[in-house]
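Have a look at the structure below, then the notes.
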Amino acid sequence: MALSTIILPEHVFIGVSAPTKWRALQMLSSKAASCFGLDEGMVLRALETREKLGTTGIGNGVAVPHAAIAGMTRPRGLLVRFAHPVDFEAIDDAPTRWAFVLLFGEGGRSDYLNVLAAIARRLRTEGVLTAMLKAKTADELYSVFMSDSIV
């Protein structure tokens, strides 16, 4: 499953401000609801419920808030760079700079794992996180993340 079919250029945002993880989840829910035609409250409840099970801050400044959403037929995602790092209580205690919001259908948990693995592989590519931090626009951030080669 190609990441470019899950995270589209118009679903990338930079400079999102949130003082706390819970406020960040509200902002992310609002953006996801708007992008995917979903009920904001339903998305927020799903993301909060998942976050209460354990942090989605996977380390290296990255969080992957995710949830199953009734009625979704395929995985959809957002890529967000926060204006200021947010404490997502990540496993390495590093503040979160980027959030990959992943929403998938109730029967799509294996899809989520495949997408998460693809994101992790991409972020392990040398130079990707540094280039993502230097990106000045959402289009540039998308291009850097999706690019096969980073200079």
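Values computed for the structure shown
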{"read-out": "Residue tally, condition out of contact with any helix residue (DSSP H, G or I) (no Cβ under 8 Å at 6 or more places or on another chain) and modelled with pLDDT under 95, over segment 73-89", "value": "1"}
{"read-out": "Cβ-Cβ under 9 Å pairs, at least 6 apart or on other chains, segment 93-112 side open to solvent by less than 50 Å² (accessible area, probe 1.4 Å), far side of a type in the set (Phe, Trp, Tyr) and part of a strand (DSSP E or B)", "value": "THR96/PHE82; TRP98/PHE82; ALA99/PHE82; ASP111/PHE104; TYR112/PHE104"}
{"read-out": "Checklist (1) over 18 Å from ALA138 (Cα atoms); (2) touching an Asp or Glu at 6+ places or on another chain (Cβ under 7 Å) applied to HIS66, failing item", "value": "(2)"}
{"read-out": "Residue among GLY61, GLY57 that alone is at positive phi and within 13 Å of the chain's Cα centre (by Cα)", "value": "GLY61"}
{"read-out": "Residue that is most open to solvent (accessible area, probe 1.4 Å) [pool: residues in segment 11-58 that are in a loop (DSSP other than H, G, I, E, B) and not polar (S, T, N, Q)]", "value": "PRO19"}
{"read-out": "Residue within segment 126-149 that is touching a residue at least 40 places away in the same chain (Cβ under 8 Å), in a helix (DSSP H, G or I) and more than 22 Å from SER17 (Cα to Cα) present", "value": "yes"}
{"read-out": "Filter pass, ALA90 being open to solvent by less than 30 Å² (accessible area, probe 1.4 Å), among the hydrophobic types (A, V, I, L, M, F, W, C) and not in a strand (DSSP E or B)", "value": "yes"}
{"read-out": "Among the candidates ILE119, ILE69, residue that is buried (at least 18 other Cβ atoms within 10 Å of the Cβ), within 14 Å of the chain's Cα centre (by Cα) and hydrophobic (A, V, I, L, M, F, W, C)", "value": "ILE119"}
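The values are calculated or read from the model by the stated rules, or taken from the named source; none is laboratory data. Model, not experiment: these values are computed from the prediction. Ideal geometry is used to build each Cβ from the backbone, glycine not excepted, and the neighbour counts take in all protein chains shown. What goes into the accessible areas is simple: the full protein's heavy atoms, side chains included, and nothing from ligands, DNA or RNA. Shrake-Rupley method; radii C 1.70, N 1.55, O 1.52, S 1.80 Å.
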